[in-house]
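**Student:** I am attaching a structure below and will ask some questions about it afterwards.
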Amino acid sequence: MAIRLSLLAVVFGLVSCAVAQSQTPFNVDNNFVHKQFGADCSLLASQLPMVADLNSDGVDDIVMPANCTKPLVNAAENGYRVIDPYNSFFGYGNPKVTTEFASGTPELRGYALLVIHGAGPEAWHSDSPKAKFLIINLPYKEFSVKKVGFKKKKKATMAIYVEEAGGDQMTSVVSWDGRKYKYSPLGSSLE
């Protein structure tokens, strides 16, 4: 009996090693970003892209920090939506207007988050993802992806946590509500 279990463990180990070696990580670089969002968007080297299931469909999605000079120009051609959840929270989030707003921090002008909702077994790097979003005017210094639960009876979901740039050291969350991304401020640092 012990020999059978040992043999089964060895076979299982070999199979799992073979599967792990066949799953090479997908390279996220500027070529991938240009293919998905156009030549006007480039990855920022300050932070790595993050993978998580943001829309709770069981398929991995990706969030990438980028600098996009003309976000609306390539939207129709590349099949993404330009959204502004930050200014929507404060009353007016029409990207056709808010793309022209001056940034409070000039070095952050053009900063955006690129989000791809994955589809099928290839997830976010499939040739035809479920949806693509370019989030503008979010004054982020750093971002991360974590679980968030706003209501007691609602299941916790993955969301984008943002450490905002600026003197007040605000933190906020951008979460998918089933239809769109919503911005919610969480508060500022006590420092």
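The values are calculated or read from the model by the stated rules, or taken from the named source; none is laboratory data. The structure presented is a predicted model; accordingly, all values stated were derived computationally and were not measured. Please note: Cβ atoms are built from the backbone with ideal geometry, for glycine as well, and neighbour counts cover all protein chains shown.
**Student:** If D60 meets every condition in (1) touching a strand residue (DSSP E or B) at 6+ places or on another chain (Cβ under 6 Å); (2) buried (at least 19 other Cβ atoms within 10 Å of the Cβ); (3) more than 15 Å from N137 (Cα to Cα) apart from one, which number is that one?
**Tutor:** If we test D60 against (1) touching a strand residue (DSSP E or B) at 6+ places or on another chain (Cβ under 6 Å); (2) buried (at least 19 other Cβ atoms within 10 Å of the Cβ); (3) more than 15 Å from N137 (Cα to Cα), just (2) comes out false.
**Student:** Here's something else I'd like to know. Yes or no: segment 151-161 includes at least one residue that is at pLDDT 85 or above, crowded, with 19+ Cβ neighbours inside 10 Å and within 14 Å of M64 (Cβ to Cβ).
**Tutor:** yes
**Student:** Out of the residues in segment 63-79 that are free of Cβ contacts under 8 Å to residues at least 40 places away in the same chain and of a type outside the set (A, V, I, L, M, F, W, C), which is surrounded by the fewest Cβ atoms within 10 Å (Cβ to Cβ)?
**Tutor:** Among them, the one singled out is E77.
**Student:** May I pose another question? Of all residues in segment 116-144, count the ones that are over 19 Å from F89 (Cα atoms) and among the hydrophobic types (A, V, I, L, M, F, W, C).
**Tutor:** Number of matching residues: 5.
**Student:** Give the residue that is modelled with the highest pLDDT, with candidates limited to residues of segment 104-127 that are surrounded by 17 or more Cβ atoms within 10 Å (Cβ to Cβ) and over 16 Å from the mean Cα position of the chain (by Cα).
**Tutor:** Checked segment 104-127; the qualifying residue modelled with the highest pLDDT is G110.
**Student:** Still on this structure, please answer the following. Within segment 73-100, can you find the residues that are over 26 Å from A52 (Cα atoms) and touching a Ser or Thr at 6+ places or on another chain (Cβ under 8 Å)?
**Tutor:** The answer is Y92, and nothing else.
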